[in-house]
Structures are given as C-alpha cells and as structure tokens.
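The values are calculated or read from the model by the stated rules, or taken from the named source; none is laboratory data. Worth saying up front: this structure is predicted, and the values here are computed from it rather than measured. Every residue, glycine as well, gets a Cβ built from its backbone with ideal geometry; the counts of neighbours run over all protein chains shown.
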C-alpha cells in the first residue's frame, strides 16, 4: 500500500517532538532552536510534507475570534494614484463589491489595503499580511504598471483584475475588450450604421495593449460594406481636434468613453439619434443616458475571487510559472443614442 500522507502529527512522532514545536519550526518561529528547526525542515522535505496554508489561517483566526465561525481574509490591494481618472473610481467600487460578495459566499471576508501615497508601502504591506496570516492578494487595476515584487510571493497567491502586470506576472481577470468591441460593431452594423468612428484616449488604449483599436481596425478591414475611417486617438482629447476629425471623416456613429462627445457632435450638425449614433465604451463612466457596454465589473471581481480562492484551496502560492488571463465579455445595453433597426 502507498505510504500515507505525512502530517504534523506523524512528523512530531517520528522526531520525538511536540506537534506545536514542529508547527512552529515549519513556520519559521524564533521560539524554536535553530538546530531543531533545521532538523524538522529536513525531515519534512524527506517525508514530502507540504503545509496547508488554509489550515494555518484557520487556527490563527479561531484563536483571535475565540471560537466564532471562521472566515479567511483576502487582501484587496489598491494603489493610490493621483493621476488615475475619476471615472475609474466607480469601476473599482463595482469590482470590490463583486469580490466582497463572492468571497462571503465562499466563506471568506475581504479587507482593502491602500498602497502608495496615503497608504502603506509594499514592504510594510508584506509585514502586515504575514503577521495576520493573510495568504490571498487581489490587486485592483492601476493606471500605471503595478509593482508588487516587494511581497514575499512564496507565501501568497495573487490575482490581478486587469491586463498588464509583470512585477510579478500573476494570473489576471479582466474585461474582454477585443471581443466586446467586435460585438458592439456587429450590432451597429445590424442597425444600419456603415461609417463607425472611434475616439480613444491614447494612454487608455495603451494600458489595454491596444485591444480597442485593434478590434476596431479588424472589423473595418473584414466587414463588407463598412467604410474605413481612421480612429481619433489622442494623448489629450479636445473639442477642437474632435471637430476637425468629425467634419473631415463624417462618421454616422461614434464609439467613445466620453459622453460629452455627444455635445461635440451636436455642435457640428449631428442630431442624436436621428442622424447620428453614439456608443459609450464603459457605461460606468457615462454622465447621461446612452447606449453602450457594461464591462461587468462586479462579475470580474467575483470571478477573480473565485480564481484566487481556488489557488489557496490547491495550496498554490508563489508566482505562477505560466500566468493566465481570464476575460469576461461585456454586455450590450440599449439606449436613446441609437436609432432603431432599419426595416426592410
């Protein structure tokens, strides 16, 4: 018969030590003599023992809560970034809400940790998480490239709720911008629009690895009957630049993150929705009623929490060898800025 899985109890019996001593040694507690700790670690390695981080967190929480029902804690890290657009705040709030709800359903609770200006440093965060036995880390989207390399990732499992993370490269979950753009353009085509125009803030598209613009161009080049218009992609969006582009290329529908674009269109002769259409690429940022895309922030937060807790349950801490990206397609939402489908 195969040997049974080694446990703290079996290691303690083999070494002639107490279970508490073995546990403290494997956790790196200074209460254990260094020679004893080394002997315990060598025996654990030889036996193939692997620590269950959730079990340790369970006992830690039970000791703190004096026997009340256990709920593991997940850290939700939010970088304090003064350059982040205010429109991103609602997206973060929805992400957090989805993550918090799903964590509760799975027996965990979440706690937000602000990092950077006005918050703690990454090094301080590492100390806090380790001292509290928090093993799961979810990172909210950042406007710049996030850097959590200062955490001791041998102790943590992590998920990022956006695309680009290299320090370290973690599993991520985010909207499927490419697929969502294609779906929106196909719907507009079905409504009879033939001259779609795209307005983007360049830094926004860059941080999404150009997915909005790439999908827009692919649709133009591969859809019969669509007139190819150059997208308006600027470092700083302005009414003057929009006016020049709008008058020159004459799009019959504009896709943009910024609903003030509707006013700019109407200043130059458009009557929305009678003569022209408008689609908002993220309805959480709209300032007026319109058609557009719901990027499903709550669903992304929920799915991210599922992926993170699954890692913990499989005892998968550390930087993944092959980081993966899970994408969630947007939902189309009808609105008063588009005409109804043409009838035959």
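A few notes on this one:
- Taking the criterion of being in contact with a helix residue (DSSP H, G or I) (Cβ under 8 Å, 6 or more places away or on another chain) and closer than 20 Å to residue 133 by Cβ, the residues of the range 13-23 that qualify are 19, 21, 22, 23.
- Test: residue in the range 194-208 that is without any contact (Cβ under 8 Å) to a residue 12 or more places away in the chain, under 20 Å from the mean Cα position of the chain (by Cα) and either in the same structural domain as residue 252 (by TED's automatic domain parsing) or closer than 27 Å to residue 93 by Cα (or both): yes
- Residue within the range 10-24 that is at pLDDT below 75 and surrounded by 13 or more Cβ atoms within 10 Å (Cβ to Cβ) present: no
- Scanning the range 271-291 for residues that are within 18 Å of residue 188 (Cα to Cα) and free of Cβ contacts under 8 Å to residues at least 60 places away in the same chain gives 271, 275, 276, 280, 283, 289, 290, 291.
- Taken over the range 188-203, the criterion of being closer than 28 Å to residue 98 by Cα and touching a strand residue (DSSP E or B) at 6+ places or on another chain (Cβ under 9 Å) is satisfied by 200, 201.
- The number of residues in the range 218-246 being surrounded by 15 or more Cβ atoms within 10 Å (Cβ to Cβ) and closer than 24 Å to residue 194 by Cβ comes to 11.
Residues checked against (1) within 20 Å of residue 296 (Cα to Cα); (2) without any contact (Cβ under 8 Å) to a residue 12 or more places away in the chain; (3) outside any loop (DSSP other than H, G, I, E, B); (4) not assigned by TED's automatic domain parsing to the domain that holds residue 319:
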| residue | (1), (2), (3), (4) |
| --- | --- |
| 145 | no, no, no, no |
| 151 | no, no, no, no |
| 158 | no, no, yes, no |
| 163 | yes, no, no, no |
| 181 | yes, no, yes, yes |
| 185 | yes, no, yes, yes |
| 189 | no, no, yes, yes |
| 192 | no, no, no, yes |
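- Applying the criterion of being under 21 Å from residue 243 (Cα atoms) and modelled with pLDDT under 95 to the residues of the range 270-287, the residue that is surrounded by the most Cβ atoms within 10 Å (Cβ to Cβ) is 286.
- Which listed residue is modelled with pLDDT under 95, closer than 23 Å to residue 328 by Cβ and surrounded by 15 or more Cβ atoms within 10 Å (Cβ to Cβ), from 204, 187: 204
- Any chance residue 318 is under 20 Å from residue 75 (Cα atoms), surrounded by fewer than 21 Cβ atoms within 10 Å (Cβ to Cβ) and touching a residue at least 40 places away in the same chain (Cβ under 8 Å): yes
- Residue under evaluation residue 39, criteria (1) surrounded by 13 or more Cβ atoms within 10 Å (Cβ to Cβ); (2) assigned by TED's automatic domain parsing to the domain that holds residue 303; (3) at pLDDT 85 or above; (4) in a helix (DSSP H, G or I), criterion not met: (2)
- Only one entry of 57, 69 meets the criterion of being at pLDDT below 80 and buried (at least 17 other Cβ atoms within 10 Å of the Cβ), and that entry is 57.
- Here residue 328 qualifies as closer than 30 Å to residue 139 by Cβ, surrounded by fewer than 20 Cβ atoms within 10 Å (Cβ to Cβ) and modelled with pLDDT of 95 or more.
- The number of residues in the range 194-220 being closer than 21 Å to residue 277 by Cβ, out of contact with any helix residue (DSSP H, G or I) (no Cβ under 8 Å at 6 or more places or on another chain) and assigned to a helix (DSSP H, G or I) comes to 2.
- Of all residues in the range 165-175, those satisfying the criterion of being in a loop (DSSP other than H, G, I, E, B) and surrounded by 20 or more Cβ atoms within 10 Å (Cβ to Cβ) are 165, 170.
- Checked against the criteria, residue 304 counts as closer than 29 Å to residue 93 by Cβ, crowded, with 17+ Cβ neighbours inside 10 Å and under 20 Å from the mean Cα position of the chain (by Cα).
- Residue match in the range 111-119 (condition: in contact (Cβ under 8 Å) with a residue 40 or more places away in the chain and buried (at least 20 other Cβ atoms within 10 Å of the Cβ)): no
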